[in-house]
Every structure is written in C-alpha cells, then in structure tokens.
Amino acid sequence: MTRRLAGQLERILDEGSGSHRSVIVRMKLPEKDEETLLGAVARAIQRRALLLSARDILPAHPDRLVGPAGETPSDRSGEAVGEEGGLAAQVAAVAVRQVSKRGLRSRGLKSLLPLYSSLVRLGQGPRGARSFWTSKCVVLQTTKDDLARLNRLVEESLIGDIYPNRMLHVPRLVELKTLPSRVLENKASAWGIHAVGGLAARGAYGAGGRGVKVGVLDTGVDASHPDLKGKVADWAEFDANGEEVSDSQPHDTGQHGTHVAGTIAGGRASGRWIGMAPDAKLAAAIALDGAKGGTDAQVLAAIDWAIERGVDVLNMSLGGVTLGPEVPSTYTEAILTSLRAGIPVVTAIGNDGQQITGSPGNDLLSFSVGATDYRDCAAAFSGGRTHIIRESGFVSPENLPLVYSKPEISAPGVAVYSSVPGGKWAAFNGTSMATPHVAGAMALLLSATSIKKRVAPTNRAFLIQDLLTGSVEELGEIGQDHRFGFGRLDILQAIGFAREKGF
C-alpha cells in the first residue's frame with residue numbers, strides 16, 4: 001500500500017464515532033489520454049502562475065482550437081503551439097482523443113467493472129454500493145472491520161483513492177434588509193448584472209443565453225417563480241447515498257438554489273433584470289438539502305446526471321471546508337470528465353475568509369470564483385489560498401509538487417438581489433452568489449459566439465475559461481492573487497475579444 005493510500009485509509013478508520021463508515025472508493029487510474037490531458041493542464045497552470053497580466057491568458061491563435069469534430073487542431077501559424085498563457089493552447093498542443101459524452105459514459109462504466117467485481121468478492125457489494133461513472137468511483141456503506149479488508153484491493157492495484165463520504169452544509173444565508181444606495185440606484189437590473197457587463201453584452205451582441213443549458217446542483221429550485229417559469233428543462237433529486245429520488249417534482253428545500261438559479265437565468269418579473277442569461281435553460285438537481293445539507297456522493301451522482309442531460313456549463317455553489325494547503329481529490333476525476341465533454345465546472349471558493357477554501361472549489365481543475373462588492377472591493381468572507389499537490393493518483397510525478405492558487409476570477413457576491421421561493425426576491429452575500437454570475441456569463445459567451453459549434457469538446461471548456469479569465473477587470477495584485485484571482489468578471493469584454501478573434 002502506498003503511503004498516500006495508507007494515510008487516507010487510516011484517517012477514515014480513525015475519524016468519526018461508531019462502527020459504520022460511508023466511504024467513496026475510486027478506481028485506480030489513469031488512462032493514457034487522462035494522463036496526457038492532466039499533464040498539459042499542470043504545465044499550463046505552472047506557466048500561468050508567472051503571468052503579470054490577465055490579457056496574456058487570451059488565446060492568440062484561435063485557429064488552433066477550431067477543427068472538425070474528433071480531430072486535434074493543427075498548428076497552422078508556424079509558431080510553437082502551447083506558448084500562450086492560457087489552458088486551451090496547452091491542451092491543443094497535445095494529442096488527446098476526442099470522445100463523445102456517450103463514449104465517456106461507456107468507458108467510465110466499463111472501467112468500474114473490475115473494482116465492483118472485487119468489492120462483491122470481498123463482501124462489500126452490492127449491499128449499499130452505488131457507482132458513479134464520471135468519477136469512476138463507488139460509494140460504500142461499510143463497517144470499520146470491513147473497510148480494513150480494502151487493503152487487499154490496494155495490493156491488487158485496483159484502488160486509486162479512498163475518501164470519506166463527507167457531509168456538506170448549505171452556506172448560511174443572511175438576508176440584507178438595508179441595502180447601500182449605490183445598490184439601490186441600479187433600476188434596470190441587479191447591480192451585479194450591470195457591473196460585469198451583462199446588460200451591455202445582451203444589448204451589444206443580441207445574446208441572452210438561447211440554446212445553452214446550465215446545470216445547477218444545489219438545494220433545488222422553485223420552478224414556479226415568475227422569474228424562472230418555463231426555464232427548468234430537467235429536474236432530479238438525489239439522497240445522501242447518491243440514489244435518485246423517484247417521482248420528485250421541482251421544489252427548493254431552502255432558498256439557496258432558487259437564488260442561484262435566478263442570477264443565472266432569471267428575468268425581470270421584479271421590475272429589474274436579475275439573471276445574466278435570461279434565455280438559457282436550466283438542468284436543476286437537489287444535491288443538498290436546505291436544512292440537512294448533503295454528501296459528496298449526492299453531488300457526484302448529480303454530476304453524472306447533469307452531463308447525461310447535455311448541460312453546457314455546470315454551476316456548483318457548494319462545498320466542504322478545507323483548512324490546509326493540500327486538497328482532497330474527490331472531485332478531480334468528475335471535473336476532468338466534464339472538461340473532456342466540453343463542460344466548464346464553475347465553483348464557489350467558500351465563505352470562511354482568507355486562507356480557507358472549500359472543496360470542490362479548491363480542486364485543481366475547477367473554475368473557482370471569489371466575491372466582490374459594488375465598489376470592486378474583495379468581500380471579507382471570500383478567501384482563496386495557495387494549494388499544493390505533493391502526491392497524486394492523477395498528476396504524474398514529473399509535474400509534482402504542483403503549486404497552484406485559487407480563485408481563478410471574482411464576481412459580484414455582496415448584496416446580490418435575486419429570486420427566492422414563493423415568488424419573492426432577496427439580497428444575499430456569498431461566493432455562492434458570485435459563482436452564478438460566472439456560469440451565466442459562460443451561457444452568454446456561448447450564445448454570442450460560434451464556440452459551441454466550432455470548437456472540439458476537449459478544447460471548448462478550456463477556451464471558455466481562458467476567455468473569461470483573460471478579459472477580467474484586473475484588480476488587486478498584479479497577476480493572480482487570493483482575493484480577486486486574476487480580476488473581476490467582465491463578460492462584455494470577453495465576448496468582444498472572442499468576436500475579434502473570429503469565434
């Protein structure tokens with residue numbers, strides 16, 4: 001057993017009370033394509049850390065990223081591919097086989113068979129076992145004694161990681177009763193929509209998110225809210241073990257999910273626009289209970305579902321606190337699968353202040369978001385940090401240790417006015433409120449450009465992220481910092497750069 005796996009198993013056995021444990025067991029990886037892709041991303045992140053301007057992240061040669069589906073774009077400029085500061089150019093420089101979403105699912109399920117068969121042999125399944133194809137893992141309800149038997153599967157090289165099935169809590173919402181005058185002066189829209197250029201982008205480019213579907217994994221959504229009527233195209237509810245609840249109908253178990261959904265796609269039923277992309281559709285799932293919270297297994301199951309429903313962007317304003325610089329890789333494989341399918345995963349960094357982040361917002365591959373206020377100041381509750389990967393079942397040894405910073409960018413997250421259940425509206429604070437501004441911006445970018453049609457999936461998500469990161473209003477320190485990332489979202493600029501480059 002490797003030192004890393006031994007430590008993981010020991011912590012799970014020691015933590016908690018009682019004899020039972022809920023754990024997530026991941027199939028040993030990786031496939032060659034995944035190693036290649038992760039290596040390219042790791043090198044790009046290391047290069048990006050030295051950049052002093054967000055503009056250096058913008059793709060200089062978009063023709064390299066556009067090619068027939070299933071083919072790797074060729075270098076038609078004569079210059080070295082991958083010298084740019086963004087992720088997309090580095091990914092385009094490596095040969096990664098294009099696989100359809102259906103193909104990714106088939107491969108994910110197939111890769112789980114040896115692990116699942118071995119778990120049955122050890123008496124660990126099918127009792128309480130549930131598998132997830134995007135993350136190539138199985139969740140088990142097991143005892144401490146049974147858990148110790150997993151050593152045998154480690155010795156047989158079938159296990160890549162073992163994680164606790166953590167409890168995740170819904171971020172605490174505090175409604176602001178008194179709003180600053182600068183916020184109230186925005187009559188046409190919520191102040192955040194105006195600040196990031198959402199209204200201007202819709203006016204300038206005539207795009208409102210039509211033809212784009214955004215996955216919202218949260219506490220649910222009030223689909224009858226006047227700002228969200230007719231916009232929930234797909235719905236599901238999952239329990240703590242990751243099982244889908246049958247006969248569930250759209251509802252919100254709290255307020256959080258409806259507020260997030262409103263910032264992504266809400267209309268102007270309140271008299272002012274609250275949504276970034278009001279013409280977008282939503283695939284909404286309960287991955288957290290508004291009162292009880294949820295689990296990692298719940299969220300992983302919802303990721304499987306969302307990708308199967310054909311989302312173009314995934315919003316996860318959720319997470320569990322991580323106190324140290326090393327991050328659990330519970331979500332890395334699922335996010336990697338999403339990125340290979342062309343789906344960026346937008347995540348909240350957390351609300352616990354500087355040098356404390358939340359997972360999956362601090363995962364290497366997530367596109368994480370910090371919060372700003374109407375003066376473009378960083379919110380005190382919004383804190384990123386520098387993370388380090390020393391040992392990994394994903395990143396190859398030549399790229400280790402891998403040091404990276406979070407968040408990538410920031411967006412309005414203070415006094416954000418949006419929908420809440422019961423046909424009402426409220427203003428909340430949180431990086432959860434900042435994240436849907438970015439997801440909605442991605443929907444606007446896709447509807448205002450040809451990226452969705454012309455760019456191969458393996459490059460698409462990285463290109464979207466590079467365009468948003470490279471076009472930010474640069475704030476704080478030069479380069480990427482822990483409060484603003486590279487800067488505050490500006491979707492008007494992002495669409496302008498994308499159009500200028502021919503997308």
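The values are calculated or read from the model by the stated rules, or taken from the named source; none is laboratory data. Values in this document were obtained by computation on a predicted structure and should not be read as measured data. Here Cβ is always computed from backbone atoms with ideal geometry, including for glycine, and neighbour counts include all displayed protein chains. Just the protein is used for accessible areas: all its heavy atoms, side chains included, with ligands, DNA and RNA removed. Shrake-Rupley method; radii C 1.70, N 1.55, O 1.52, S 1.80 Å.
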**OP:** Report whether or not E326 is acidic (D, E), assigned to a loop (DSSP other than H, G, I, E, B) and either within 29 Å of L104 (Cα to Cα) or open to solvent by 10 Å² or more (accessible area, probe 1.4 Å) (or both).
**Re:** yes
Original post:
For segment 161-172, which residues satisfy the criterion of being under 16 Å from R11 (Cα atoms) and either in contact with a Leu (Cβ under 7 Å, 6 or more places away or on another chain) or of a type in the set (D, E, K, R) (or both)?
Top reply: D161, I162, R166
**OP:** Go through A265, A284, A280, A261 for me and flag whichever is open to solvent by less than 30 Å² (accessible area, probe 1.4 Å), out of contact with any Pro (no Cβ under 8 Å at 6 or more places or on another chain) and touching a residue at least 40 places away in the same chain (Cβ under 8 Å).
**Re:** A280
**OP:** Quickly run through segment 64-108 and pick out the residues that are touching a strand residue (DSSP E or B) at 6+ places or on another chain (Cβ under 9 Å), assigned to a helix (DSSP H, G or I) and either modelled with pLDDT under 75 or open to solvent by 70 Å² or more (accessible area, probe 1.4 Å) (or both).
**Re:** L65
Original post:
Which one of these does I162 not meet: (1) open to solvent by less than 10 Å² (accessible area, probe 1.4 Å); (2) within 28 Å of V472 (Cβ to Cβ); (3) at pLDDT below 95?
Top reply: (2)
**OP:** Sort out which residues of segment 294-323 are surrounded by fewer than 24 Cβ atoms within 10 Å (Cβ to Cβ), under 19 Å from G370 (Cβ atoms) and in contact (Cβ under 8 Å) with a residue 60 or more places away in the chain, and write them in order of number.
**Re:** G320
**OP:** Test D279 against the criterion of being among the acidic types (D, E) and within 23 Å of T253 (Cβ to Cβ), and give yes or no.
**Re:** no
Original post:
I274: touching a Phe, Trp or Tyr at 6+ places or on another chain (Cβ under 8 Å), among the β-branched types (V, I, T) and closer than 18 Å to A240 by Cβ, yes or no?
Top reply: no
**OP:** Enumerate the pairs (first residue in segment 463-482 and buried (at least 24 other Cβ atoms within 10 Å of the Cβ); second residue anywhere and part of a helix (DSSP H, G or I) and hydroxyl-bearing (S, T, Y)) with beta-carbon separation below 8 Å, excluding pairs fewer than 6 apart on the same chain, so at least 6 apart or on different chains.
**Re:** none
Original post:
Name the residues in segment 371-391 that are of a type in the set (D, E, K, R), modelled with pLDDT of 90 or more and surrounded by 14 or more Cβ atoms within 10 Å (Cβ to Cβ), would you?
Top reply: D373, D376, R385
Subject >> Residue that is surrounded by the most Cβ atoms within 10 Å (Cβ to Cβ) [pool: residues in segment 392-415 that are of a type in the set (V, I, T) and closer than 27 Å to Q8 by Cβ] >> reply: V395
**OP:** Could you grab me the full set of residues in segment 283-302 that are part of a helix (DSSP H, G or I) and closer than 20 Å to H259 by Cα?
**Re:** V299, A302
Subject >> Residues (assigned to a helix (DSSP H, G or I) and open to solvent by 40 Å² or more (accessible area, probe 1.4 Å)) located in segment 483-503 >> reply: L492, Q493, F497, R499, E500
**OP:** Determine if segment 423-431 includes at least one residue that is farther than 20 Å from V183 by Cβ and surrounded by fewer than 24 Cβ atoms within 10 Å (Cβ to Cβ).
**Re:** yes
